[in-house]
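Have a look at the structure below before the remarks.
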């Protein structure tokens, strides 16, 4: 495939894809191209979003000639090398306290075994890795974060876990997710946080933005319970600093 | 005083729905809204108001309701037994509902999602631009017994109109277009997919509907490690066990499982309304065919109001017959209208 690739998504819109697999420049390209489409404010585009390596333009394709929108996209794509675009401005670095393993996060040992490392080494690496929000998706405010070292290039499990709780930290394919709501998942549940991605009814209902960075320092179960008892903000004991 | 609707007794799965919430896909929130948007258009046509007005979606069964003022209602979607103070009401029709009368709506007899529309619409405070509940995302919630819902001002008065709904309540053929991962399934798998008669699994909700079939599943061979990519309502996702899931209005915004095709929007209510066990088959069509069908559907929705007609009622069942104006525009029986 030659990137960027322009494809239809049912009759719901157009997807512009910058790579076949997750990579950092393609992720930046997707974010920057989305910002440019928002800036252009084409009337047939009702909303935009990004996935890991793609920009989505919501367009009613039964009401808009396909050639009209793809011409616009191709012209805009041709204006620059999107993989060289900078990250969005105003990003935040979050440190989110996390309990690894125990019955709160019962798949740490299994994930470590699949990755071929012992559980203590897994915790030592995961609790100090710094990851970036590559995209928000699946559920409100829910981040896909990466990329971890190649050790963590582990597949999703074949079956679905019936339910992980809100704040669950899960892992697959060099990425982490913290879950917004209780949900079934094919990713392995390795840590538990008290961080709320989605805070409906507040001034900032969505805590994270694509481009934000996070670490997940290890804490004990008692510390997590203490955080849960005291926290009303949804931050779950996380500290934050501005990235420039 | 503005009118309100009291829920005297609510079924297990009532929620407020409208055409959904746009603009939040980038932060992980799909549009949601009514499972059967066509039913919202029908209710709007029956009440002569905007299809953007919010209605009550009733999954599987209804409940009982009472209004604090004289209101108009319309009933659409899955056919449910309905009565007003014990008198049977026609489904797919509009009715007057006097203050204090009890509206009772039973279980779905044909289809899965019924709708109760109110003249003036449900007037709860919009959240992020919509009144619809996105149950999975935790925006809004199911309605409960003893809830009271505000009703918007109603500028129209006509009732007792009916509409014949489109044929979408009994499963059957559902048209799909190729998705971004259709090619990841080999031709034999795709042929087998369209040759298979599926049954709607009981496991179905506003997020997605699982399809059962005899025989082997439908795998790509490389399904577990593809890059997570955008998901839209109508996408047919194949999970690890090879069973298709048709993703519905409350689906996630992204997903890592391959999609064999996408149901075209105008056929999605057919999936929503199929009861468990109903037979469904999928048929690939081209984008050009899908676009033509989408345009025809939009025109059909815009023209629904012209298909609304007065209900024909048996005079023997009308209790207050004398209150109706049965004759108007009286003409003489003896003068010849062609002279003068």
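The values are calculated or read from the model by the stated rules, or taken from the named source; none is laboratory data. Since this is a predicted model, take the numbers as computed values, not measurements. Backbone-built Cβ (ideal geometry, glycine too); neighbour counts: all protein chains shown.
Is it true that some residue in the stretch B:141-151 is under 25 Å from residue A:181 (Cα atoms), within 14 Å of chain A (Cβ to nearest Cβ) and modelled with pLDDT under 95?
Yes, the conditions are met somewhere in the stretch B:141-151.
Within the stretch A:16-25, which residues are free of Cβ contacts under 8 Å to residues at least 60 places away in the same chain and surrounded by fewer than 23 Cβ atoms within 10 Å (Cβ to Cβ)? Before you say what the answer is, go through the steps one by one.
Kept after step one, since they are free of Cβ contacts under 8 Å to residues at least 60 places away in the same chain, are these residues of the stretch A:16-25: A:17, A:19-21, A:23, A:25.
Hits for the stretch A:16-25 are A:19, A:20, A:21, A:23, A:25.
Here is a list of conditions, (1) within 11 Å of another protein chain (Cβ to nearest Cβ); (2) in contact with a helix residue (DSSP H, G or I) (Cβ under 9 Å, 6 or more places away or on another chain); (3) not in a strand (DSSP E or B), and residue A:64 meets all of them except one; can you say which number that is?
With (1) within 11 Å of another protein chain (Cβ to nearest Cβ); (2) in contact with a helix residue (DSSP H, G or I) (Cβ under 9 Å, 6 or more places away or on another chain); (3) not in a strand (DSSP E or B) applied to residue A:64, the lone miss is (2).
Which numbered condition trips up residue A:33, out of (1) buried (at least 21 other Cβ atoms within 10 Å of the Cβ); (2) within 21 Å of the chain's Cα centre (by Cα); (3) within 14 Å of chain B (Cβ to nearest Cβ); (4) not in a helix (DSSP H, G or I)?
(4)
Has the stretch A:94-105 got at least one residue that is more than 30 Å from residue A:55 (Cβ to Cβ), assigned to a helix (DSSP H, G or I) and away from every other protein chain (no Cβ under 14 Å)?
no
Restricting to the stretch B:282-291, what's the tally of residues that are more than 8 Å from chain A (Cβ to nearest Cβ) and either surrounded by 13 or more Cβ atoms within 10 Å (Cβ to Cβ) or not in a helix (DSSP H, G or I) (or both)?
Of all residues in the stretch B:282-291, those more than 8 Å from chain A (Cβ to nearest Cβ) come to B:282-286, B:288-289.
Checking which are either surrounded by 13 or more Cβ atoms within 10 Å (Cβ to Cβ) or not in a helix (DSSP H, G or I) (or both) leaves us with B:282-286, B:289.
So the count comes out to 6.
Which residues, counting only those in the stretch B:22-49, are more than 15 Å from residue B:115 (Cα to Cα) and within 14 Å of chain A (Cβ to nearest Cβ)?
Matches in the stretch B:22-49: B:22, B:23, B:24, B:25, B:26, B:27, B:28, B:29, B:30, B:31, B:32.
Which condition number does residue A:73 fail, the rest of (1) crowded, with 16+ Cβ neighbours inside 10 Å; (2) within 24 Å of the chain's Cα centre (by Cα); (3) not in a strand (DSSP E or B) being met?
For residue A:73, the exception is condition (2).
Considering the stretch B:194-253 alone, what residues qualify as being away from every other protein chain (no Cβ under 11 Å), loosely packed, with under 15 Cβ neighbours inside 10 Å, part of a loop (DSSP other than H, G, I, E, B) and touching a residue at least 24 places away in the same chain (Cβ under 8 Å)?
Correct list: B:197, B:205, B:216, B:217.
Restricting to the stretch A:147-162, give me the number of residues that are modelled with pLDDT under 95 and more than 10 Å from every other protein chain (Cβ to nearest Cβ).
3
Given the options A:39, A:3, name the one that is touching a residue at least 12 places away in the same chain (Cβ under 8 Å) and out of contact with any helix residue (DSSP H, G or I) (no Cβ under 7 Å at 6 or more places or on another chain). Full working, then the answer.
Details: A:39 fails: touching a residue at least 12 places away in the same chain (Cβ under 8 Å).
None of the other options fit; the residue is A:3.
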